[in-house]
Amino acid sequence: DPEGGSNLLAALVAPAGERDDLVVATVRLPRVLAAIAVGAALGVAGAIMQAMTANPLAEPGLLGVNAGAAFGVVVAIAFLDVSAVGALVWVAFLGAALAAALVATLGRGATPIRIVLAGVVVTTFLGALTASILVLDAQTLEAVRLWTAGSLAGRRMSEIGAVLPYLLLALGASLLAARHFTTMSLGADAAAALGQSPALWRAGGAAMVVGLAGSAVALAGPIGFVGLLAPHLARRTVGGDYRRVLPVAMLAGATLTLAADTLPRALFGRDVPAGVTLALIGAPVLVWIARRRPA
């Protein structure tokens, strides 16, 4: 709708103080920016995880990182009375790091499918703990009800501003290290033969994933499958060089998340959480990828 687009542009560039301008500035724009930031972060996080593990099924939602961050946030809200996003993001980082470490310990030396199974176990366990807290604490449930479904509704510019510095720092570090992730994607032996320290770069990559996924979860809740879909789309488009894969995965993740948040409202007039829409799309893709891989 050209007229609608021009009205939106006018509301952003030259607001007249009308109700529509206020809605654009305080409701629509923060939601769009949150979707772009969260999708970009999860797309890059998934690409890094797939490079580090040489596992095309790796992504923050499947390997427990999102669940760990979400569990940390719910615990902080329920028991520590923390509500500011700027504080919650640090709790999300801690929860994501502990969950990633647990999955790495359980899946050490296993095949890609079994690593994913370890991730599913950790995700299910932490999800059960999170649900138990919410069932027993109605006040916390009301505060995070939509957030736990991966909803971008109600995001505010102040919340985005509290998370954005950490997210941008992790994104920048990831893009600067892209060539090292290309080497890691060849496998630990090949990386070592090329002079790379696999242990050092696994630690660095894990820190970047925690920063990206923790920031995304603190802002929008545990949205899954973006980190699975975006890197596959990127590699199919530009090949296996992570200097190109990471920027394309960032763009693909942002586009997928924004579309998942926007299309249900445009097509059906219903506000469906982006996490729900992406799960409906991502689950069949996960099955397809798993069936193409040896066990």
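The values are calculated or read from the model by the stated rules, or taken from the named source; none is laboratory data. Small disclaimer: the values here were computed from a predicted structure and weren't measured. A quick note on method: Cβ atoms are made from the backbone with ideal geometry, for glycine too, and the neighbour counts reach across all protein chains shown. For accessibility, only protein heavy atoms count, side chains too; no ligands or nucleic acids. Shrake-Rupley method; radii C 1.70, N 1.55, O 1.52, S 1.80 Å.
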The condition from (1) open to solvent by less than 30 Å² (accessible area, probe 1.4 Å); (2) not in a helix (DSSP H, G or I) that ASP81 misses is numbered (1)
List the pairs whose first member sits in region 36-56 and is closer than 15 Å to ALA104 by Cα and hydroxyl-bearing (Ser, Thr, Tyr), whose second member is assigned to a helix (DSSP H, G or I) and open to solvent by 20 Å² or more (accessible area, probe 1.4 Å), and whose Cβ atoms are under 8 Å apart, counting only residues at least 6 apart or on separate chains? THR53/PRO112; THR53/ILE115
Considering only region 51-78, state which residues are open to solvent by 10 Å² or more (accessible area, probe 1.4 Å), under 20 Å from VAL285 (Cα atoms) and assigned to a helix (DSSP H, G or I). THR53
With the condition kept exactly as written, say whether any residue in region 272-281 is part of a helix (DSSP H, G or I), in contact with a Leu (Cβ under 9 Å, 6 or more places away or on another chain) and surrounded by fewer than 18 Cβ atoms within 10 Å (Cβ to Cβ). yes
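Conditions (1) open to solvent by less than 30 Å² (accessible area, probe 1.4 Å); (2) free of Cβ contacts under 8 Å to residues at least 12 places away in the same chain; (3) in a helix (DSSP H, G or I), marked per residue:
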residue	(1), (2), (3)
GLY127	no, no, yes
ILE133	yes, no, yes
THR140	yes, no, yes
ALA143	no, no, yes
ARG155	no, no, no
TYR166	no, no, yes
ALA170	yes, no, yes
ALA173	no, no, yes
ALA192	no, yes, yes
Is at least one residue of region 76-88 within 15 Å of the chain's Cα centre (by Cα) and of a type in the set (Gly, Ala, Ser)? no
